[in-house]
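So the structure is just underneath, and the comments pick up after that.
The values are calculated or read from the model by the stated rules, or taken from the named source; none is laboratory data. The model shown is predicted, which means the values in this text are computed figures rather than measured ones. Virtual Cβ from ideal backbone geometry, glycine too; neighbours counted across all protein chains shown.
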Amino acid sequence: MAHKRVLPSTRNASPTSDLYTDIVEVRVGKDSNTSSSYLHSGLVSFYSGYFQAALSGNFVESKSRVIELPEESDEVFTRFRTWLYTNRIDVPARDDRSSYSEIIALWSFADRREIPLLMNECINAVRDELVRTWKVPTKYLRQIYDTTTPQAGMRRLVIQLMAGTWDASKMEGERERGQMIEAALWDIVIAVWKLKDDKCGRMLKADVVKMDLCEYHVHEEGVRCGKPA
């Protein structure tokens with residue numbers, strides 16, 4: 001069995017030129033909706049534990065150089081491919097509404113495919129989206145809770161942002177009540193109590209900007225953003 005290399009969780013480690021040689025075909029979707037993309041196998045394995053294992057072990061994919069992802073959507077995979085080659089998260093630039101749904105879906109893809117750096121950058125993108133719109137992702141709670149575990153950084157971050165930036169008026173409207181789910185409500189109550197215990201007041205936009213997001217990131221032991229591995 002091939003030795004599993006540590007996956008980068010910050011931009012301190014960069015892929016080298018020798019990773020841009022061999023090509024792997026990735027088939028996304030199923031039946032008539034299948035589409036093919038071609039990626040540099042070394043590059044995608046550099047960032048992803050899933051691809052690293054599939055392409056370097058005893059799996060059939062390591063010999064066929066074809067990976068099937070029938071359960072993934074082409075839209076999300078295209079965003080992953082763009083991030084892989086441009087180092088940026090490509091989400092719609094809209095003034096009328098947020099891009100939370102796209103960012104959350106990309107984080108979930110990165111979680112399934114073991115891509116810690118992309119997970120971390122999606123966490124940062126959610127914080128940045130809140131600063132841009134000053135609207136917490138209430139309407140996407142179902143999406144978050146359906147695709148994350150209780151300890152997932154994305155879930156914990158969103159709950160913390162809701163607990164820290166909301167006030168009572170946010171829960172008075174019928175729409176807001178309709179968007180709330182029971183599990184999230186309990187998590188928010190617990191987070192509010194913790195803020196009270198810590199004698200923390202309501203978070204302003206400047207407080208959100210200064211948040212230490214490493215608390216919600218996935219890092220190697222002893223690694224934090226801005227510090228070398």
query: Hey, any hits in segment 93-115 for a residue that's farther than 29 Å from residue 134 by Cβ and touching a strand residue (DSSP E or B) at 6+ places or on another chain (Cβ under 8 Å)?
result: no
task: For residue 124, work out the one condition from (1) in a loop (DSSP other than H, G, I, E, B); (2) within 22 Å of residue 7 (Cβ to Cβ) it doesn't fulfil.
output: (1)
- prompt: Is it the case that residue 118 is assigned to a helix (DSSP H, G or I) and aliphatic (A, V, I, L, M)?
  reply: yes
- request: Having 1 or more residues that are over 22 Å from residue 127 (Cβ atoms) and at pLDDT below 95 is the bar; report the helices (runs of 4 or more DSSP H) wholly within segment 55-115 that clear it.
  value: 60-64
- request: Take segment 31-49 and flag every residue that is surrounded by fewer than 19 Cβ atoms within 10 Å (Cβ to Cβ) and either among the polar types (S, T, N, Q) or not in a strand (DSSP E or B) (or both).
  value: 31, 32, 33, 34, 35, 36, 37, 49
field: residue 82 being in contact with an Asp or Glu (Cβ under 9 Å, 6 or more places away or on another chain), of a type in the set (Ser, Thr, Tyr), surrounded by 12 or more Cβ atoms within 10 Å (Cβ to Cβ) and without any contact (Cβ under 8 Å) to a residue 40 or more places away in the chain
entry: yes
- request: Considering (1) more than 30 Å from residue 141 (Cβ to Cβ); (2) surrounded by fewer than 20 Cβ atoms within 10 Å (Cβ to Cβ); (3) of a type in the set (Gly, Ala, Ser), say which one residue 93 fails and leave the rest.
  value: (1)
- request: Identify, from the list 110, 105, 53, 93, the residue that is touching a residue at least 12 places away in the same chain (Cβ under 8 Å), farther than 23 Å from residue 19 by Cα and not aromatic (Phe, Trp, Tyr).
  value: 105
query: Does at least one position in segment 128-135 carry a residue that is in contact (Cβ under 8 Å) with a residue 24 or more places away in the chain, assigned to a helix (DSSP H, G or I) and either among the small types (Gly, Ala, Ser) or over 25 Å from residue 87 (Cβ atoms) (or both)?
result: no
